[in-house]
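The structure is given below, and queries will be raised subsequently.
The values are calculated or read from the model by the stated rules, or taken from the named source; none is laboratory data. Bear in mind the structure is a predicted one, so any value in this text is a computation, not a measurement. Every residue, glycine as well, gets a Cβ built from its backbone with ideal geometry; the counts of neighbours run over all protein chains shown.
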Amino acid sequence: MAANERTFIVFLGPPGSGKGTQARILEKKLGLPQVATGDLFRYNLKNETELGLLAKRYMDAGDLVPDEVTIRMVEERLSREDCAPGAILDGFPRNLHQAVALDEMLASYGGVTVVPLFIVDDDTVVARISGRRVCRNCGAVYHVEFNPPRQDNICDACGSELYQRDDDRPETVKNRLYVYYKQTGPLIGYYFAKGLLEEVDAMQPVDDVTAALEAALAKRGVTV
Ligand code: AP5
C-alpha cells in the first residue's frame with residue numbers, strides 16, 4: 001500500500017439491512033470511524049441547526065437530502081483528524097452523483113478500498129425497521145425482538161431512553177425502499193464495474209453477518 005493510501009469502506013444496502021449495526025462493531029475492531037450520513041443529519045436535527053431542519057423535511061418523507069448539502073457535509077467530516085486512517089462510510093454515497101463526488105474526494109488517497117453489499121430481502125427489512133429502537137443519547141441500535149436491550153426501553157450502554165425513529169413509520173419505509181432501488185441501486189453496477197463489490201449475506205444473525213463481513217474485507221486486504 002502506498003504511504004498516502006487510506007482504507008475507505010463503503011457499506012451498500014437497503015434501509016434496515018444492518019449497516020449501522022455492523023459499522024458500530026467494526027469501527028472498534030478496525031480503528032476506523034463510522035461516518036453515517038443519517039446519524040450526522042439526526043445530530044444536526046437534535047441541535048436544531050439549519051442543516052438539521054432542512055434535512056428533516058426530506059428524511060420525514062423518506063427522500064434523499066439534496067446532494068449539494070450532503071456532499072459538503074461528508075467532505076467536511078472526512079477532513080477531520082479521526083479520518084486520517086480512513087473511514088467506514090455508512091449511508092453515503094446513495095446515488096451516482098454522490099459516488100462520483102466521493103471518488104474525487106478520495107482520489108489522492110487511493111480511492112474507495114472495498115464495497116460490501118448487504119443482501120437482505122424486503123420482508124426482513126420491514127421486520128427489522130418496524131422493531132428498531134435507538135438510544136436518544138449515544139445512538140446505540142436495538143431491536144425489540146432480534147436484539148433487545150436488557151431492560152425495556154433503556155440503553156444497555158448508557159442507561160438513556162430508547163425511541164423509535166420518525167422515518168421508521170410504515171408509509172415512510174415504503175418510500176425509503178423505493179428510493180433505494182431507484183437511486184442507490186445503480187451503485188451496485190458502478191462498484192461492480194470497478195471491481196470493488198463484495199456481497200455479504202445479511203439475513204443471518206448479527207454475529208454471523210460480522211464474520212461474513214470480515215471475510216469479505218479480508219479478501220481485499222482489510223483485516224481486523
Ligand atoms: P439512514 O440513517 O442512513 O437510514 P438507512 O440507510 O435507511 O439505514 P437504516 O439506518 O434504516 O438501516 P441500517 O442498514 O443502518 O440498519 P440497522 O443497523 O439500524 O438515512 C436516513 C435518512 O437520511 C434517509 O432516508 C435520507 O433522507 C437521509 N440521508 C442519509 N444519507 C443520505 C445521503 N447520502 N444522501 C441523501 N440523504 C441521505 O438495523 C436495522 C434494525 O435491524 C435494528 O433494529 C437492528 O437491531 C436490527 N438488526 C441489524 N442486524 C440484524 C441481524 N443481522 N439480524 C436481526 N436484526 C438485525
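Do you know which residues across the range 116-145 are touching a residue at least 40 places away in the same chain (Cβ under 8 Å) and not aliphatic (A, V, I, L, M)? Spell out the reasoning first.
Within the range 116-145, the subset touching a residue at least 40 places away in the same chain (Cβ under 8 Å) is 116-122, 124-126, 128-130, 132, 139-141.
Result: 116, 118, 121, 122, 124, 128, 130, 132, 139.
Given (1) free of Cβ contacts under 8 Å to residues at least 12 places away in the same chain; (2) touching a strand residue (DSSP E or B) at 6+ places or on another chain (Cβ under 6 Å), identify the lone condition not met by residue 79.
Exception for residue 79: condition (2).
Could I ask something else about it? Any residue in the range 17-33 that is out of contact with any strand residue (DSSP E or B) (no Cβ under 8 Å at 6 or more places or on another chain), within 9 Å of the ligand (Cβ to nearest atom) and of a type outside the set (D, E, K, R)?
Going through the range 17-33, the residues out of contact with any strand residue (DSSP E or B) (no Cβ under 8 Å at 6 or more places or on another chain) turn out to be 25, 28-29, 31.
Narrowing the set further to residues that are within 9 Å of the ligand (Cβ to nearest atom) leaves none.
Within the range 17-33, not a single residue is out of contact with any strand residue (DSSP E or B) (no Cβ under 8 Å at 6 or more places or on another chain), within 9 Å of the ligand (Cβ to nearest atom) and of a type outside the set (D, E, K, R).
Identify all residues within the range 26-41 that are in contact (Cβ under 8 Å) with a residue 60 or more places away in the chain and either crowded, with 18+ Cβ neighbours inside 10 Å or closer than 19 Å to residue 79 by Cα (or both); write none if there are none. Steps first, please.
Here is the first cut: in the range 26-41, the ones in contact (Cβ under 8 Å) with a residue 60 or more places away in the chain are 26-27, 29-30, 39.
Selection gives 26, 27, 30, 39.
In the range 158-170, how many residues are free of Cβ contacts under 8 Å to residues at least 24 places away in the same chain and exposed (fewer than 14 other Cβ atoms within 10 Å of the Cβ)?
Taking the range 158-170 first, the residues free of Cβ contacts under 8 Å to residues at least 24 places away in the same chain are 158-159, 169.
With exposed (fewer than 14 other Cβ atoms within 10 Å of the Cβ) added as a condition, the list becomes 158-159.
Count: 2.
Looking for whichever is in contact with a Leu (Cβ under 7 Å, 6 or more places away or on another chain), among the aromatic types (Phe, Trp, Tyr) and modelled with pLDDT of 95 or more here; the options are 191, 181. Which one fits? Before you say what the answer is, go through the steps one by one.
Numbers: 181 fails: in contact with a Leu (Cβ under 7 Å, 6 or more places away or on another chain).
Exactly one of 191, 181 is in contact with a Leu (Cβ under 7 Å, 6 or more places away or on another chain), among the aromatic types (Phe, Trp, Tyr) and modelled with pLDDT of 95 or more, namely 191.
Kindly establish whether residue 133 is loosely packed, with under 14 Cβ neighbours inside 10 Å and of a type in the set (Lys, Arg). I'd like the intermediate steps shown before the answer.
Values: loosely packed, with under 14 Cβ neighbours inside 10 Å: no; of a type in the set (Lys, Arg): yes.
Taking the combined requirement at face value, the residue does not satisfy it.
Next up: For the range 188-217, how many residues are part of a helix (DSSP H, G or I), more than 16 Å from the ligand (Cβ to nearest atom) and surrounded by fewer than 13 Cβ atoms within 10 Å (Cβ to Cβ)? Outline the logic, then answer.
Residues of the range 188-217 part of a helix (DSSP H, G or I): 188-193, 206-217.
Next, from what is left, pick out any that are more than 16 Å from the ligand (Cβ to nearest atom): 189, 192-193, 217.
Remaining after also requiring surrounded by fewer than 13 Cβ atoms within 10 Å (Cβ to Cβ): 189, 193.
The qualifying residues number 2.
While we're here: Identify all residues within the range 152-161 that are away from the ligand (no atom under 13 Å from the Cβ) and assigned to a loop (DSSP other than H, G, I, E, B); write none if there are none. Don't jump to the end; show me each part of the working.
We begin by selecting, within the range 152-161, every residue away from the ligand (no atom under 13 Å from the Cβ); these are 152-154, 157-161.
Within the range 152-161, 152, 153, 157, 158, 159, 160 meet the criteria.
Condition (residue is near the ligand (Cβ under 8 Å from one of its atoms) and either among the β-branched types (Val, Ile, Thr) or in a helix (DSSP H, G or I) (or both)) applied to the range 45-52: is it met by at least one residue?
no
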